[in-house]
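Structure record follows, encoded as structure tokens.
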Amino acid sequence: MRYQFVDCRWELGSAGAGLERYLAGHIPGASFIDVDGDLSARPGKGGRHPLPSAEEFARAASRAGIGEGVFVVAYGNMGGAERLWWLLRHFGHDDCAVLELDGWLGPLRAGEEQVEPAEFAPSERGGDTIEPDELAQRLDELALVDARRPERWRGEPNPVDRNPGRIPGARNAPWNEPLPELPGGELVAYCGSGITACVVLHRLSLEGREGRLYPGSWSQWEQLGLPVETG
């Protein structure tokens with residue numbers, strides 16, 4: 001088995017910032033995957049970071065050196081690495097781990113890398129996402145978790161959410177804080193646009209618990225005229 005480090009650093013609202021960080025210094029041999037361009041489809045009715053199609057993701061993963069027999073070690077910030085982890089599992093590739101870059105004790109290398117392309121063959125998994133119509137119908141049944149920061153969960157005015165608030169009944173589990181105790185039952189995680197919710201799902205997976213992702217998250221929900229809770 002071959003190991004492939006993948007740099008998933010990014011910055012909300014600043015396209016190209018992740019690549020700049022990668023070129024300034026990355027784990028030697030690491031490839032780069034862009035959260036906005038590779039791990040998401042074009043924004044629109046599906047939210048700010050809709051899931052990429054199987055074909056789109058396969059092209060990006062292949063270019064990054066990911067394929068059969070490759071164990072991926074993803075690192076990044078703001079949920080970028082966990083988004084890659086989640087998408088790899090969603091498309092049938094379970095050989096992936098997430099590394100905190102601060103935990104890397106070796107040198108960093110600047111510039112581009114000659115990454116050997118691979119052939120990623122997607123096999124899409126079912127049952128790991130939920131759409132807004134099902135979510136709206138099952139709010140009383142699900143353990144719903146909002147991974148955004150507390151002020152956004154409370155619905156305070158902020159520069160990201162056009163219509164601040166949360167999905168009714170959602171518990172707050174901020175992605176940048178330790179995971180709180182969560183209720184049992186079928187769990188669904190969301191955030192602003194489906195990126196940092198993957199941090200919660202990754203942590204739950206490490207504890208042996210699975211959950212579903214609402215890919216459109218708040219950036220889709222707020223467009224649909226569905227119930228909103230604040231306070």
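The values are calculated or read from the model by the stated rules, or taken from the named source; none is laboratory data. Note that this is a predicted model, so its numbers are computed, not measured. With ideal geometry, Cβ positions are generated from the backbone for all residues, glycine too; neighbour counts draw on all protein chains shown. Side chains included, ligands, DNA and RNA excluded: accessible areas come from the protein's heavy atoms. Shrake-Rupley method; radii C 1.70, N 1.55, O 1.52, S 1.80 Å.
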Checklist line | Residues of the range 75-85 that turn out to be in contact with a helix residue (DSSP H, G or I) (Cβ under 8 Å, 6 or more places away or on another chain) and either open to solvent by 10 Å² or more (accessible area, probe 1.4 Å) or modelled with pLDDT under 95 (or both), as a count | finding: 4
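Report yes if VAL160 is among the β-branched types (Val, Ile, Thr), touching a Pro at 6+ places or on another chain (Cβ under 8 Å) and open to solvent by 40 Å² or more (accessible area, probe 1.4 Å), otherwise no.
In short, no.
When only residues in the range 189-231 that are part of a helix (DSSP H, G or I) and farther than 23 Å from CYS96 by Cβ count, which is farthest from the chain's Cα centre (by Cα)? Walk me through how you get there before you give the answer.
From the range 189-231, those part of a helix (DSSP H, G or I) are 197-206, 217-221; that's our starting set.
Filter once more, keeping what is farther than 23 Å from CYS96 by Cβ: 218-221.
Details: TRP218: 14, SER219: 14, GLN220: 15, TRP221: 17 Å.
My answer is TRP221.
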Margin query: Looking at GLY13 and the list (1) at pLDDT 95 or above; (2) open to solvent by 40 Å² or more (accessible area, probe 1.4 Å); (3) of a type in the set (Gly, Ala, Ser); (4) more than 19 Å from VAL115 (Cβ to Cβ), which single condition is not satisfied?
Written below: (1)
Check: Identify, please: which residue in the range 38-87 is closer than 30 Å to GLY225 by Cβ and of a type in the set (Gly, Ala, Ser) and is, among those, farthest from the chain's Cα centre (by Cα)?
Finding: GLY44
Checklist line | Selection from the range 97-134 of residues that are open to solvent by less than 40 Å² (accessible area, probe 1.4 Å), more than 17 Å from the chain's Cα centre (by Cα) and aliphatic (A, V, I, L, M) | finding: VAL115, ALA118
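Specify the residue that is least open to solvent (accessible area, probe 1.4 Å); the eligible residues are those in the range 163-180 that are within 9 Å of ALA147 (Cα to Cα) and assigned to a strand (DSSP E or B). Can you show your working first?
Of the range 163-180, the ones within 9 Å of ALA147 (Cα to Cα) are 171-176.
Checking which are assigned to a strand (DSSP E or B) leaves us with 171-172.
Details: ARG171: 123, ASN172: 36 Å².
Only one residue tops the list, namely ASN172.
Considering only residues of the range 137-158 that are among the aliphatic types (A, V, I, L, M) and assigned to a loop (DSSP other than H, G, I, E, B), which is nearest to PRO178 (Cα to Cα)?
Result: ALA147.
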Next item on the list: Identify, by number, the condition in (1) surrounded by fewer than 16 Cβ atoms within 10 Å (Cβ to Cβ); (2) farther than 14 Å from TRP221 by Cα; (3) at pLDDT 95 or above that PRO183 doesn't meet.
Entry: (3)
Item checked: Which numbered condition LEU51 fails, given (1) open to solvent by 10 Å² or more (accessible area, probe 1.4 Å); (2) touching a Phe, Trp or Tyr at 6+ places or on another chain (Cβ under 7 Å); (3) within 18 Å of TYR214 (Cα to Cα); (4) aliphatic (A, V, I, L, M) -> (2)
Next item on the list: Please verify whether the range 138-151 includes one or more residues that are open to solvent by 20 Å² or more (accessible area, probe 1.4 Å), at negative phi and β-branched (Val, Ile, Thr).
Entry: no
Notebook entry, point to check: Are there any pairs with C-beta distances below 7 angstrom linking a residue in the range 70-89 that is touching a residue at least 60 places away in the same chain (Cβ under 8 Å) to a residue that is of a type in the set (Lys, Arg), with the two at least 6 apart or on different chains, and if so which?
Noted result: VAL70/ARG2; GLY76/ARG9; ASN77/ARG9; GLY80/ARG9
Next item on the list: Determine which member of the set ALA81, ALA54, ALA41 is closer than 23 Å to GLU222 by Cβ and among the small types (Gly, Ala, Ser).
Entry: ALA41
